[in-house]
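Structure record follows, encoded as structure tokens.
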């Protein structure tokens, strides 16, 4: 490698089971289907467990391994060429062992460094950033970066939600499960997409967390706290503003004009919020690449699902910019891609 450029060779994704529509979800939860359509704007999502029985059908490791297998298969490299594995997730299967190691085990990968990054919507970008840094250092030539979440593990399907407050009920209709993976290389392989820039910055000093996911241990597992809480007002107010800041910061670092962008990958909070954010980003020359309305908010899988859609139409010389925001403690993230 002579220019320290890092390339994305391929992407693979995995969504568990059939899509669950709003009518089915409303029936199971006792919720209002119209409220889901209007307030959330997401049409379908996928769950790793059966909504009726509660049976867990896929673990996070299962989904990540499936996505990684697909990425490697289409990358033009062999599994034996993978020199490291990085996983970004907010919902690991267990505290120990780290889920990334179970993923490597399922893939048949051994004797390589593994990294697990505990993070929400920015975790996939953090994984991409670390993978890019490792290859740009010259020490590694090929690596695997993964992002995924199984959010349904935090939802109690046995609760009577008929009188639940919207701030509580929204968690049952907003999220989904899934995983994505990408193969990074030190020279153009497969899709031959250059990772031109990655942004990952904590900006939450002194700010109240916008999202909290509890981890209950033996001492507090019967606590009456909600497993997942969000400050939706703060998220609705802050995320669009932060998205615009990220867009222009990345463009400035790259020396690109907004008019040069062929594709824009906006934050994927929900169908409704994504539309609002895209309008405020205001890059009419760029084609929007979104997926959340069909996949649900499956956290760290989302950037890979977006990239997968992007690669279906991206041609040589075209540029794409992605924006991601983590509201848990306010992280700005994003990346820029250019097909060579």
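No lab work stands behind these numbers, since they all come straight from the coordinates. Since we're looking at a predicted model, the values are computed, not measured. Every residue, glycine among them, receives a Cβ derived from its backbone with ideal geometry; neighbour counts consider all protein chains shown.
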- prompt: Can you give me the relative contact order of the chain as a percent, contacts being Cα pairs under 8 Å and 6 or more apart?
  reply: 26
message: Between 0 and 90 degrees, rounded to the nearest ten: what's the tilt of helix 60-73 against the longest Cα principal axis of the chain?
response: 30
- prompt: Pulled fully out, how much extra length does the chain show between residue 28 and residue 280, if you take 0.36 nm times their separation in residues and subtract their Cα-Cα distance?
  reply: 87.2 nm
field: Inter-label distance for residue 74 and residue 55, nm, one decimal - labels placed 7 Å from Cα along Cα-to-Cβ
entry: 3.0
- prompt: Could you give the angle, 0 to 90 degrees to the nearest 10, between helix 271-281's Cα long axis and the longest principal axis of the Cα atoms of the chain?
  reply: 50
- prompt: Taking only the alpha-carbon atoms of segment 7-185, what semi-axes of the equivalent ellipsoid follow from 5 times the gyration tensor eigenvalues under a square root, in whole Å, largest first?
  reply: 34, 15, 14
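Can you order the peptides 327-335, 90-98, 142-150 by their average number of other Cβ atoms within 10 Å per residue, highest first? Each step should come with its number before you reach the end.
Working: 327-335: 22.4, 90-98: 16.4, 142-150: 31.1.
Sorting 327-335, 90-98, 142-150 by mean packing, highest first, produces 142-150, 327-335, 90-98.
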- request: For segment 138-194, just say rounded, prolate or oblate: build the C-alpha gyration tensor, square-root its eigenvalues into a ≥ b ≥ c, call rounded for a/c under 1.5, and beyond that prolate if a/b exceeds b/c, oblate if not.
  value: prolate
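For residue 192 and residue 248, FRET efficiency with R0 = 30 Å and r from the beta-carbon atoms, rounded to 0.05?
Working: r = 28 Å, r/R0 = 0.92.
Plugging the Cβ-Cβ distance into 1/(1 + (r/R0)^6) gives 0.60.
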- request: In nm, give the distance between the simple-model label positions of residue 165 and residue 227, each being 7 Å from the Cα along the Cα-to-Cβ direction.
  value: 2.0
Over segment 196-339, equivalent-ellipsoid semi-axes from the Cα gyration tensor in Å: 30, 16, 14
message: Step by step: find N for the chain, compute 2.2 N^0.38 Å, then divide the Cα radius of gyration by it. What's the final number?
response: 0.95
- request: Work out, step by step, the length gained on full extension between residue 201 and residue 95: first 0.36 nm times the residue separation, then minus their alpha carbon distance; give nm to one decimal.
  value: 35.7 nm
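What's the long-distance tail for segment 10-69, i.e. % of Cα pairs beyond 16 Å?
Working: 929 of 1770 pairs.
Everything past 16 Å amounts to 52 percent.
Taking the mean number of other Cβ atoms within 10 Å as a proxy for protection, how do you rank 64-70, 205-211, 283-289, 246-252 from highest to lowest? Kindly include the intermediate steps, with their values, before the conclusion.
Numbers: 64-70: 25.0, 205-211: 13.0, 283-289: 15.6, 246-252: 17.1.
Those peptides, ordered most packed to least, come out 64-70, 246-252, 283-289, 205-211.
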